[in-house]
1. If you scan the stretch 234-243, which residues turn out to be touching a residue at least 60 places away in the same chain (Cβ under 8 Å) and open to solvent by 70 Å² or more (accessible area, probe 1.4 Å)?
2. Would you pick out the residues in the stretch 508-527 that are in a strand (DSSP E or B), open to solvent by less than 30 Å² (accessible area, probe 1.4 Å) and without any contact (Cβ under 8 Å) to a residue 60 or more places away in the chain?
3. When you go through His154, His118 one by one, which is the residue that is closer than 30 Å to Arg179 by Cβ and surrounded by fewer than 18 Cβ atoms within 10 Å (Cβ to Cβ)?
4. Looking for whichever is over 22 Å from the mean Cα position of the chain (by Cα), of a type in the set (Asp, Glu) and open to solvent by 80 Å² or more (accessible area, probe 1.4 Å) here; the options are Glu108, Glu26, Glu92. Which one fits?
5. Give the residue, chosen from Asp149, Asp168, Asp144, that is surrounded by 17 or more Cβ atoms within 10 Å (Cβ to Cβ), more than 30 Å from Lys215 (Cβ to Cβ) and of a type in the set (Asp, Glu).
6. Can you find a residue that is part of a helix (DSSP H, G or I), at pLDDT 50 or above, surrounded by 17 or more Cβ atoms within 10 Å (Cβ to Cβ) and not aliphatic (A, V, I, L, M) anywhere in the stretch 382-389?
7. Consider Ile98 carefully, then state whether it is under 16 Å from Phe31 (Cβ atoms) and either open to solvent by 60 Å² or more (accessible area, probe 1.4 Å) or in contact with a Pro (Cβ under 9 Å, 6 or more places away or on another chain) (or both).
8. What residue, among those in the stretch 236-284 that are among the aromatic types (Phe, Trp, Tyr) and part of a loop (DSSP other than H, G, I, E, B), is modelled with the lowest pLDDT?
Amino acid sequence: MSWGTELWDQFDNLEKHTQWGIEVLEKYIKFVKERTEIEINYAKQLRNLSKKYQTKKNSKEEEESKYTSCKAFQNTLNEMSDYAGQHEVISENMSSQIMTELIRFVQELKQERKSNFHEGRKAQQHIETCWKQLESSKRRFERDCKEADRAQQHFEKMDADINVTKADVEKARQQAQIRHQMSDDSKGDYSSVLQKFNGEQNEHYHTHMPSIFQKLQDMEEKRIARLGESLKMYAEIDRQVIPIIGKCLDGITKSAESINEKQDSQTVIEAFKSGFEPPGDVDFEDFTQSIKRTVSDTSLTTTKADGKTDPKTPGKSRGKLWPFIKKNKLSLKLGATPEDFSNLPPEQRRKKLQQKVDELNKDIQKEIDQRDALTKMRDVYLKNPQMGDAGSVGQKLIEIGNNIEKLRVEVQKFESWLAEVEGRLPVRNDSSRRQSGLYETQNTAPVNNCAQDRESPDGSYTEDQSQETEVKVTPTEFDDDFDDEEPLPTIGTCKALYPFDGENEGTISVSEGEILKVIEEDKGDGWTRIRRSEEEEGYVPTSYIEVYLDKNAKGAKTYI
């Protein structure tokens, strides 16, 4: 079925219908746009929600993240962030694959529709013009026929009247003949115009307009098919992310299954175990006898001297049934944490000290690695002076050596405290012993035991740090090598064309547009040595700067 044959007389209705079809397409585009906004807002809210409940660094939550339940929750938050990303993908794909394409298609559709209806109106105007010509020719033929009939009647009347002269009769006869001739001419013209109109009308309704209607029909069917394709793509975009969303949900399920309640219970023990022995039985005090009460050897109130208490000494006689006394709690509230963690119970103190020793050992290893790298760089400079000045790394090596010595002293100090705590713990096993002693100090004085005699008879810890000994750091092995080094003279200036981070050893960071001093030219290796201040100098890529050498400076090349 074709619009050209079935709807040959529905030009106006087709014009309204095609306009409605385009409006439906624009309505669908608006729907997809709002869907993309919903998806992107939903993804944003999910990301903000996930970020809101993420563990904050250097907080109590970070310490709590060691529990399997907390780890599972954090993994869930990470999966939700990936889940949000898939909704962003939906929004992006719908915007690019549906909205953008349909908007361009609608513009093309409007232009095509406008062209077709313009051509149709032009054809209608032409057939209307032909019809008007036909009507005009028909009216003229009718008028001439009437005029000829009147002229014939007038002639016959004049010819029958005996009172009329022969000249008048002849004149009437000639006039009648003229009118008959005009009528015949109008008849022929009318016939010609009618024949032409019928041809134009047949062409209009059977050839030209059906062609236009067919174009409109094709345009409308193309619009409908495109809408169907877009709806299918709308579903396919959602379907594409379903496997990834399923993986996110599988990850959440896997995190939930990884929760181990027994392990978390053991973690609680390790986190809060004090290391104290439970209090023993309280002995009966017989006040009927004038003797002092003998304190149980297993009681926590046993003194270190002779196992007896002095009734005149407050805080050591009665009520010491549990080691967590108000004194320690008050000190914790005030935030007065001593360096040796003596305010903590033995087991907790041991864990803190071991953790501190491990951190210091890691810092020492980092400094040693850095020192080794600088030493290799210095050796390379000594063998190949054109690559750089070996003296430039001397000050840095001295600083690193001092840092290593300081850290080793700190390790020795904390290891002494750790050894003291481990010696006092009631129960120890090999797995809980410290793994220290990785680094041995050289030329350092022994560190005094700062935690000696801090433990009170009832197991609590005081916070007196007045007996701590300061340890002097001895000079490093690099002190004598670089003390007499003189700074290199300035041979020009340079301007930074681009920013440079200067993260590697021997380099220096610069900002775009910064003006600095040049102290050593590029030796062919692509690096130029510059100085910002007396203590701050290093290498930057030559391609990152624009150099202005002073021709009169010593060591500068002269360019002709």
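The values are calculated or read from the model by the stated rules, or taken from the named source; none is laboratory data. The structure displayed is predicted, hence computed values, not measured ones. Cβ coordinates were reconstructed from backbone atoms using ideal geometry, including for glycine residues, and neighbour counts include every protein chain displayed. These area figures cover heavy atoms from the full protein model, side chains too; ligands, DNA and RNA do not enter into them. Shrake-Rupley method; radii C 1.70, N 1.55, O 1.52, S 1.80 Å.
1. Residue satisfying the conditions is Gln240 alone.
2. Those that are in a strand (DSSP E or B), open to solvent by less than 30 Å² (accessible area, probe 1.4 Å) and without any contact (Cβ under 8 Å) to a residue 60 or more places away in the chain: Val510, Leu516, Val518, Ile519.
3. His154
4. The unique qualifying residue is Glu108.
5. After ruling out the rest, the residue left standing is Asp144.
6. Scanning the stretch 382-389, I find no residue that is part of a helix (DSSP H, G or I), at pLDDT 50 or above, surrounded by 17 or more Cβ atoms within 10 Å (Cβ to Cβ) and not aliphatic (A, V, I, L, M), so the answer is no.
7. No, not satisfied.
8. Phe276
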